[in-house]
Every structure is written in C-alpha cells, then in structure tokens.
Amino acid sequence: MASIKNIKKDIDFLVDEVISDSFLCLSLNQDKKNDEIIAVINEIADKRNDLFDRINDVPKSGNRQEVKAHFKAIYDDLFDKVDSSFEKLSKAVEAK
C-alpha cells in the first residue's frame, strides 16, 4: 500500500491539473461560461478537502483489508471526480 504522504501528493497533483486547466479555459474563453468553469473549480477544491478529511480518518480496527478498502474507495472517488470535472470543463468550453 502506498504511504499517506504519496496519496496526498496524488490528490494534490490531479486537483491542481483540473484547476490549472480551468484557469486556462477562463483566460482563453472570456464569455458567459465563466460561472460554469468557476463551479468546476469550487467542486474539485471541495472534493480535495473531503478526500483529505477521509484520509485522516483511517479505520482504527487494524484490519488490513478494511484499511486497503478505505484507501481504494478514496482513489476511486478521486478518479471519478477528476474525470467528471474534466468532462464538465470540456462541455462548458465546447458549448459556445
């Protein structure tokens, strides 16, 4: 299993990618779709904070399988949210 430090780095990297792409879209597409792009930024930032809270709330049972399942669920949520954020971003940009 990866360390908590590496999991947090992965979360920060992927969230930063979404946010940087969002800011790039804001600077390139200065039209009325700014609210949708800012909503994507806010959603991914909230999800980052939620994932960090979940990481710090590791099950105390000591059961290895339960801990692995906990971190796998965190990774699954991260990938789903990043994917949906990129989809929302691309829909906001293409719908001119």
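Bear in mind these aren't lab numbers, they're just calculated from the coordinates by the rules spelled out. This is a predicted model, so every value here is computed, not measured. Counting neighbours? That spans all protein chains shown, and the Cβs are built from the backbone with ideal geometry, glycine included.
The table that follows gives values for the structure above.
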item: Degrees between helix 64-94 axis and first principal axis of the chain (Cα, 0 to 90, nearest 10); result: 0 degrees
item: Dipole magnitude of segment 4-94, debye to nearest 20 (Cβ charges: Lys/Arg +1, Asp/Glu -1, about Cα centre); result: 460 debye
item: The chain - mean residue ellipticity at 222 nm from DSSP helices (-39,500 (n - 2.57) per run, n ≥ 4, rounded to 500); result: -29500 deg cm²/dmol
item: Normalised contact order of segment 1-73, rounded percent, pairs of Cα under 8 Å and 6 or more residues apart; result: 32 percent
item: Calculated semi-axes √(5λ) of the Cα gyration tensor in Å (choose from [x] 46, 20, 8; [y] 32, 11, 10; [z] 25, 16, 11), label; result: [y]
